[in-house]
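The values are calculated or read from the model by the stated rules, or taken from the named source; none is laboratory data. These numbers were taken from a predicted model, which means no experiment stands behind them. Cβ: placed from backbone, ideal geometry, glycine included. Neighbour counts: every protein chain shown.
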Amino acid sequence: MPSGSTIQLPVTKVNAAISTIADDVLASEEPLEIRLEHNADGLVAQKTISVTMRTPGNDLELATGFLFTEGIIASKDEIEMKPGSGGANNNIITVSIKAGIDIDIKKLERHFYTTSSCGVCGKTSIEAIKTVCKLSETANDAQYPAALIRSLPEKLRYGQDIFERTGGLHASALFDGTGKLILLREDVGRHNALDKLIGAALLAGMLPLHEHILLLSGRISFELVQKAAMAGIKMITAIGAPSSLAVETAAAFDMTLIGFLRDQRFNIYSGAQRIVI
C-alpha cells in the first residue's frame, strides 16, 4: 500500500442508543499538479496541464497514463521525470518531454476529444478519438467463457487492499486471458485509477492491451471507454452500468462491453461474439 494512501481519524460510532469513540481508516484525497516541461521555440517552458484530486501513490503512473490517454504522448520513450519532481508535499510532478519530440501544446488547452457533458453529439466525440487512437485497430478475436467473466469481481475484491479498509475507492484491474489478475490500481477518482493502471502498463512495456480484460469497480462512462481504447483494450467489464455514449463508443471501436457484473450475472452491451455462454 503506498505511503499516505490512508489516514486514521477518531470518529463517533453510533449503534442503536450506544455511541463509542473509535479510530476509522479513510482513503486519503489530495491534489496532484501535473506539469509538462517542453521545448518552445528553442526555450524550455513549463505548463501545468492538470490538477486532479487523487489518492497519493503511483503518481508517476498517473501522470504517464494521463498523458498517454489524452493523446499527448505515444510512448514512454518520449518522456522523463524531472529530478526533484514531487514538490515539498509530493503533490507536484513534472514530466519532461525529451529533446526532439514535438507535441501540440494547443491540444492541452482544447483536449483531443469532446466530453459527453459538453453538448456535442456522440459521433463527433468518437470521430475525434479515432484521429489520435493508434492502438484501437489491434484485433482480438479471442473468446472468453462466461464463467471466467463471472469470476472476476471476487478476484478484484480480494486484491483491493485499501478498499477493504476504507470502502471509499474506485479500482481498475487488468486480467490476462485466463482470468489471472495482472495489475490493480485504486483511487478516489475512477479516471485516475484507470490512468494509473494504463500508466503502469505503459511503463512496463505491456501495450497494446488487446489480449487483456479490464474490470472497473463502478459505472462505465464515455471517458473510461476512450482511455481503454487508447491502450488497445478490447474487453471492458464493470460492476456498474454503462452510459449510452459508452456503449456507442465501445461498439465503434469493436470492444466488448459488459456491465452489471455481479451476483453471477452480467449484461453484454457490445461485442457479444467474444463471450461463450
Which of the residues that make up region 26-61 are surrounded by fewer than 16 Cβ atoms within 10 Å (Cβ to Cβ) and at positive phi? Asp41, Gly42
So Ala45 ticks every box in (1) closer than 21 Å to Glu70 by Cβ; (2) at pLDDT 85 or above but one. Which box is left unticked? (2)
If you go through region 57-66 one residue at a time, do you hit one that is of a type outside the set (Phe, Trp, Tyr) and out of contact with any Gly (no Cβ under 9 Å at 6 or more places or on another chain)? no
Among (1) out of contact with any Asp or Glu (no Cβ under 8 Å at 6 or more places or on another chain); (2) at pLDDT 95 or above, the one test that Arg165 misses: (2)
Output yes when any residue across region 218-227 is among the polar types (S, T, N, Q) and closer than 21 Å to Leu62 by Cα, and no when none is. yes
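Quick grid of which residues meet (1) modelled with pLDDT under 95; (2) assigned by TED's automatic domain parsing to the domain that holds Ile73; (3) farther than 30 Å from Leu9 by Cα:
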site	(1), (2), (3)
His170	yes, no, no
Gly189	yes, no, no
Leu197	no, no, no
His212	no, no, yes
Leu216	no, no, no
Mind listing just one residue for me: the one in region 245-277 that is of a type in the set (S, T, N, Q) and in contact (Cβ under 8 Å) with a residue 12 or more places away in the chain and, of those, nearest to His191 (Cα to Cα)? Thr249
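Looking only at region 181-196, decide whether some residue is out of contact with any strand residue (DSSP E or B) (no Cβ under 9 Å at 6 or more places or on another chain) and either surrounded by fewer than 21 Cβ atoms within 10 Å (Cβ to Cβ) or hydrophobic (A, V, I, L, M, F, W, C) (or both).
No, because not a single residue in region 181-196 is out of contact with any strand residue (DSSP E or B) (no Cβ under 9 Å at 6 or more places or on another chain) and either surrounded by fewer than 21 Cβ atoms within 10 Å (Cβ to Cβ) or hydrophobic (A, V, I, L, M, F, W, C) (or both).
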Of the residues Leu174, Leu156, only one is in contact with a His (Cβ under 6 Å, 6 or more places away or on another chain) and either at pLDDT 75 or above or closer than 19 Å to Thr6 by Cβ (or both); which? Leu174
Reported set for region 62-113 where residues are surrounded by fewer than 18 Cβ atoms within 10 Å (Cβ to Cβ), under 30 Å from Thr6 (Cα atoms) and at pLDDT below 80 is Met81, Lys82, Pro83, Gly84, Gly86, Gly87, Ala88, Asn89, Asn90
Tell me which of these Gln226 doesn't satisfy, since it passes every other one: (1) touching a strand residue (DSSP E or B) at 6+ places or on another chain (Cβ under 9 Å); (2) buried (at least 20 other Cβ atoms within 10 Å of the Cβ). (1)
